[in-house]
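Reading through the structure tokens given below for one structure.
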């Protein structure tokens, strides 16, 4: 059996493997990033999402305040750096190994990122609404 074949587990979840050598990055929520789906969305019937986010070289952040309608969101920086601003704590600069938990509905924006930025983002649910915030 191929090692990326989903297997049924308890509660309907599936064991899912994604290999970096076969990774593809697709456009997504932000035009200055590309996204690699790690298979968590399908494995959990969209209860959770996990993806690697990469900066698109030459593209820069549009620092617009916004919120997400979700129950959980966290970011872990893999490479490069990213600067966020949150309505409750202000600006935060994150480097490889740094992480941030973004509470549900927190007003925030991405201010800047390095050309080589890569981060892991985990959300619940996988699909969620994003709204601009004043």
- Query: Any idea how far the Cα center of the range 34-62 sits from the one of the range 83-112, in Å?
  - Reply: 17 Å
- Query: What nm value, rounded to one decimal, do you get for the distance between residue 45 and residue 127 when each label is placed 7 Å out toward the C-beta?
  - Reply: 1.5 nm
- Note on the structure: Residue-normalised 222 nm signal for the chain, counting each DSSP H run of n ≥ 4 as -39,500 (n - 2.57), nearest 500 deg cm²/dmol, is -500 deg cm²/dmol
- Task: Pop the C-beta distance of residue 92 and residue 116 into the FRET formula with R0 = 22 Å and round what comes out to the nearest 0.05.
- Result: 0.70
- Item | Label-point gap, in nm, between residue 65 and residue 106 - each point 7 angstrom along Cα→Cβ | 1.6 nm
- Where is the GNM fluctuation largest for the chain (alpha-carbon springs, 10 angstrom cutoff): 52, 75, 100? 100
- Task: Kindly list the residues of the range 104-122 that lie in the label zone of residue 32, defined by a backbone N under 11 Å from the point 7 Å along the Cα-to-C-beta vector.
- Result: 110-115
- Query: Which whole-number percent gives the relative contact order of the chain, counting Cα pairs below 8 Å spaced six or more residues apart?
  - Reply: 27 percent
- Task: Have a look at 109, 54, 14 and tell me which one the Gaussian network model of the chain (Cα, springs below 10 Å) gives the largest fluctuation.
- Result: 14
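Computed from the coordinates by the stated procedures, all read-outs in this text should not be read as laboratory data. The model shown is predicted, which means the values in this text are computed figures rather than measured ones. A quick note on method: Cβ atoms are made from the backbone with ideal geometry, for glycine too, and the neighbour counts reach across all protein chains shown.
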